[in-house]
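Trainee: Okay, handing you the structure first.
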Amino acid sequence: MDLFSAVSGAEIVSTLVYSVIGILIFCLCWWVIRTFSPFPIIKEIETDQNVALAILIASVFLSLSIIIAAVILS
């Protein structure tokens with residue numbers, strides 16, 4: 001039995017399209033966060049060790065990934 005016999009070409013293309021769309025949404029979200037924040041995000045997390053800001057940004061990206069996964073699976 002072939003390993004990829006159950007996977008059709010349409011499934012591969014749709015997976016790639018949704019992946020690109022998800023990455024673009026993540027990039028847009030990161031750009032919005034960096035543009036509208038009153039302080040440099042990277043400096044605040046890396047240099048000043050602001051754990052609360054890191055957790056906040058991680059929760060935004062995690063919730064966004066859950067939404068994207070729900071759209072893909074529906």
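Trainee: I'd like the full set of residues that are open to solvent by 70 Å² or more (accessible area, probe 1.4 Å) and of a type in the set (Val, Ile, Thr), limited to the stretch 36-59.
Mentor: ILE42, THR47, VAL51, ILE55
Trainee: Looking only at residues in the stretch 6-29 that are open to solvent by less than 70 Å² (accessible area, probe 1.4 Å) and part of a helix (DSSP H, G or I), which one is farthest from SER65 (Cα to Cα)?
Mentor: Among those that are open to solvent by less than 70 Å² (accessible area, probe 1.4 Å) and part of a helix (DSSP H, G or I), it is GLY9.
The values are calculated or read from the model by the stated rules, or taken from the named source; none is laboratory data. Just so you know, these numbers come straight off a predicted model, no measurement behind them. Only protein heavy atoms, including side chains, enter the accessible area calculation; ligands, DNA and RNA are left aside. Shrake-Rupley method; radii C 1.70, N 1.55, O 1.52, S 1.80 Å.
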